[in-house]
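Colleague: Sending over a structure as structure tokens; questions will come in a sec.
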Amino acid sequence: MRGRASVPGRKAAAWLTMACLITTAATSWNTAALAQAARPKHGAKAQPVYVSYTTRDGDTLYDIAGRYMADPTDWALLSRLNHVPAPRRMPAGIVLRLPSDKLRQDQDAARVVATSGPVEHAFGTSPYLPLKTGETLVEGDRVRTGPNGFATLELPDGSYVTIAQDGELDIDKLRHVVLTGVGDRVFDLRHGEVESQVTHAPRRDDRFQIRSPSVVAGVRGTRFRVDYDGGTQTTAVAVLDGAVGVDPAIEANGGGRRAAPAPGVPLQASEQLVKASFGNVTRSGGSVGSPVELLPAPALAQPARVQDGKTVAFDIKPASDAVGYRLQISHDADQLDLVRDMRVSTPRADFGDLPDGTYFVRVASTDSHGLDGLPNVYAFERRQLGLDASASQRAGSRDYDFRWFVSHSKVPTSFRFVLGRTADLSHPVVDRTDLPGGELVISDLPAGVYYWTIVAEQFENGRFYEKSSPVRSFTLAR
């Protein structure tokens, strides 16, 4: 039985000869090797960049252009560029050059994985609307947050972008090249701070950038913060992990805005390469600031204490060289679901009330440059356990009546009453445990000064909770 050849006779030989020539010429063509090793010098014309495509059996230039080129009619360009006619079918194994700047790019979407407080979004010039968890954003979307407003976006590659309170961020580019899978993600920071957790870029041409009016910060896999202050027109970059290439957003000679570094430009070609545990501060229109070592992470006093008071407050162990501190509270250890953000100039922060639950607090020292240093993260439990107590002498007697009550009254509670002659209650006169109710009468006390407290004890969900009232005193006259 005679088989059917896909390219018969002399046509097959011609294709084979052409394939050998193209393949030989293309040995130096691939996405990584053809990417520019550094940004072209000012005024120099950028060299064209190509990517290679190896044909599959039955491919046509029409099909290739339709699948991978931004303009399907560029089959004619491919024909001229590769000196290949446009037959209906080509054999497998032919290596073609495709100009990278004309490749088709499809848009991606970012998923909103967390929001808290006032957060809004708008597309283009449309009015702002509330942004909710679970929505998706694309190129052209703008996000802004108000006081105690936060939003975290998840990108298709697993990277995260968190917009802090009072911030404005525009999604300028969020797309990928269909042929190569190269991602292009560029965000414009108009005001405030964003923190990015960027997965390692598997391809050299992958680009992730945060642009402010002062700088362009580019990475290939790291965790970093960019904070733009419109009042001082300065941008602070702090690198927690990996490295960030920082370039000025405006040419030094005032010649207009410089385009963001192109995909494929290595971080080492940046004006400043800021490594982990370093940061820098740049003023708009000026040169990029030099790297500054970030302050070490400070520690909290009593980090494991249950936050059972009327407000959630933390004391920080004072750190040398710190002019202030920054504390952030979130529902998760990675600080993706933020709920509070506070800067203080003293080593104490009071966040006010917060619903009961398990949280994480991140604390960092702030240096004289305004850079937040390396953080420490602590888990803590918020469980407000209110305990009010009072005491009064019964009229015409030497009896004292003590009363108390607690919040979380639906949880079984036992009480301990301690009465002593000294404020430290080290030698109690009365020490009653496992009291079931909220009242106790002490009779026939000798005259003198007394100190007392009530301790409430609860056991819930496998945990023991204890809350003491302030030590109070009274004087019993003779």
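The values are calculated or read from the model by the stated rules, or taken from the named source; none is laboratory data. If you're wondering where the values come from, they're calculated on a predicted model, not measured in any experiment. All Cβ positions, even for glycine, are placed from backbone atoms using ideal geometry, and neighbour counts span all protein chains on display.
Colleague: Which residues, taken from region 329-339, are touching a Lys or Arg at 6+ places or on another chain (Cβ under 7 Å) and touching a residue at least 40 places away in the same chain (Cβ under 8 Å)? Can you show your working first?
Modeller: So the first thing to find is which residues in region 329-339 are touching a Lys or Arg at 6+ places or on another chain (Cβ under 7 Å), and the list is 329, 335.
Result: Gln335, single match.
Colleague: On to the next question. If we scan region 328-342, do we find a residue that is touching an Asp or Glu at 6+ places or on another chain (Cβ under 9 Å) and loosely packed, with under 15 Cβ neighbours inside 10 Å?
Modeller: no
Colleague: Out of everything in region 364-390 that is among the acidic types (Asp, Glu) and part of a strand (DSSP E or B), what residue ends up being surrounded by the fewest Cβ atoms within 10 Å (Cβ to Cβ)?
Modeller: The first filter runs over region 364-390 and keeps only residues among the acidic types (Asp, Glu), leaving 367, 372, 381, 388.
Narrowing the set further to residues that are part of a strand (DSSP E or B) leaves 372, 381, 388.
On the way: Asp372: 25, Glu381: 15, Asp388: 12.
Among residues in region 364-390 that are among the acidic types (Asp, Glu) and part of a strand (DSSP E or B), the one surrounded by the fewest Cβ atoms within 10 Å (Cβ to Cβ) is Asp388.
Colleague: Quick check on this structure: which one of Ser390, Ser469 is of a type in the set (S, T, N, Q), under 30 Å from Phe314 (Cα atoms) and free of Cβ contacts under 8 Å to residues at least 60 places away in the same chain? Before you say what the answer is, go through the steps one by one.
Modeller: On the way: Ser469 fails: free of Cβ contacts under 8 Å to residues at least 60 places away in the same chain.
After applying the criteria, what remains is Ser390.
Colleague: Which one of Ala110, Ala19, Ala65 is among the aliphatic types (A, V, I, L, M) and either at pLDDT below 95 or more than 30 Å from Val265 (Cβ to Cβ) (or both)? Even if it seems obvious, please write down each step before you answer.
Modeller: On the way: Ala110 fails: either at pLDDT below 95 or more than 30 Å from Val265 (Cβ to Cβ) (or both); Ala65 fails: either at pLDDT below 95 or more than 30 Å from Val265 (Cβ to Cβ) (or both).
Going through Ala110, Ala19, Ala65 in turn, the sole match is Ala19.
Colleague: Asp431 is checked against (1) without any contact (Cβ under 8 Å) to a residue 40 or more places away in the chain; (2) not in a strand (DSSP E or B); (3) not aliphatic (A, V, I, L, M) and fails just one. What number does that condition carry?
Modeller: Checking Asp431 against (1) without any contact (Cβ under 8 Å) to a residue 40 or more places away in the chain; (2) not in a strand (DSSP E or B); (3) not aliphatic (A, V, I, L, M), the one that fails is (2).
Colleague: Can you pull out every residue in region 61-89 that is of a type outside the set (Gly, Ala, Ser), over 26 Å from Arg175 (Cβ atoms) and part of a loop (DSSP other than H, G, I, E, B)?
Modeller: His83, Val84, Pro85, Pro87, Arg88, Arg89
Colleague: Then there's this: Right, Arg305: of a type outside the set (Phe, Trp, Tyr), under 17 Å from Gly370 (Cα atoms) and either outside any loop (DSSP other than H, G, I, E, B) or not assigned by TED's automatic domain parsing to the domain that holds Leu153 (or both) or not? Steps first, answer last, please.
Modeller: Details: of a type outside the set (Phe, Trp, Tyr): yes; under 17 Å from Gly370 (Cα atoms): no; either outside any loop (DSSP other than H, G, I, E, B) or not assigned by TED's automatic domain parsing to the domain that holds Leu153 (or both): yes.
Taking the combined requirement at face value, the residue does not satisfy it.
Colleague: I've got another one for you. Mind counting the residues in region 269-284 that are assigned to a loop (DSSP other than H, G, I, E, B), more than 20 Å from the chain's Cα centre (by Cα) and touching a residue at least 40 places away in the same chain (Cβ under 8 Å)? Steps first, please.
Modeller: Taking region 269-284 first, the residues assigned to a loop (DSSP other than H, G, I, E, B) are 270-271, 276-277, 284.
Those left that are additionally more than 20 Å from the chain's Cα centre (by Cα): 270-271, 284.
Going one step further and asking which of them are touching a residue at least 40 places away in the same chain (Cβ under 8 Å), we end up with 270, 284.
Residues in region 269-284 being assigned to a loop (DSSP other than H, G, I, E, B), more than 20 Å from the chain's Cα centre (by Cα) and touching a residue at least 40 places away in the same chain (Cβ under 8 Å): 2 in total.
Colleague: Of the numbered conditions (1) among the charged types (D, E, K, R); (2) assigned to a loop (DSSP other than H, G, I, E, B); (3) without any contact (Cβ under 8 Å) to a residue 40 or more places away in the chain, Arg204 satisfies every one except a single condition; which is it?
Modeller: For Arg204, the exception is condition (3).
Colleague: Okay, moving on. Within the group Glu135, Glu139, Glu120, which residue is closer than 22 Å to Gln165 by Cα, in contact with a Pro (Cβ under 7 Å, 6 or more places away or on another chain) and either at pLDDT 95 or above or not β-branched (Val, Ile, Thr) (or both)? Break it down stepwise before answering.
Modeller: Working: Glu135 fails: in contact with a Pro (Cβ under 7 Å, 6 or more places away or on another chain); Glu139 fails: in contact with a Pro (Cβ under 7 Å, 6 or more places away or on another chain).
The unique qualifying residue is Glu120.
Colleague: Return a yes/no flag: does region 412-421 have any residue that is under 40 Å from the mean Cα position of the chain (by Cα) and not basic (Lys, Arg). If you could, list the steps in order and put the result at the bottom.
Modeller: Taking region 412-421 and keeping what is under 40 Å from the mean Cα position of the chain (by Cα), we get none.
The answer is no; no qualifying residue exists.
Colleague: If you scan region 47-60, which residues turn out to be buried (at least 16 other Cβ atoms within 10 Å of the Cβ) and assigned to a strand (DSSP E or B)? If you could, list the steps in order and put the result at the bottom.
Modeller: Here is the first cut: in region 47-60, the residues buried (at least 16 other Cβ atoms within 10 Å of the Cβ) are 49-53, 55, 59.
Tyr50, Val51, Ser52, Tyr53, Asp59, listed by residue number.
Per-residue answers, yes or no, for (1) modelled with pLDDT of 95 or more; (2) surrounded by 16 or more Cβ atoms within 10 Å (Cβ to Cβ):
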residue: Ile250; (1), (2): no, yes
residue: Gly255; (1), (2): no, no
residue: Pro261; (1), (2): no, yes
residue: Asn280; (1), (2): yes, yes
residue: Pro291; (1), (2): yes, yes
residue: Ala297; (1), (2): yes, no
residue: Arg305; (1), (2): no, no
residue: Gly324; (1), (2): yes, yes
residue: Arg362; (1), (2): yes, yes
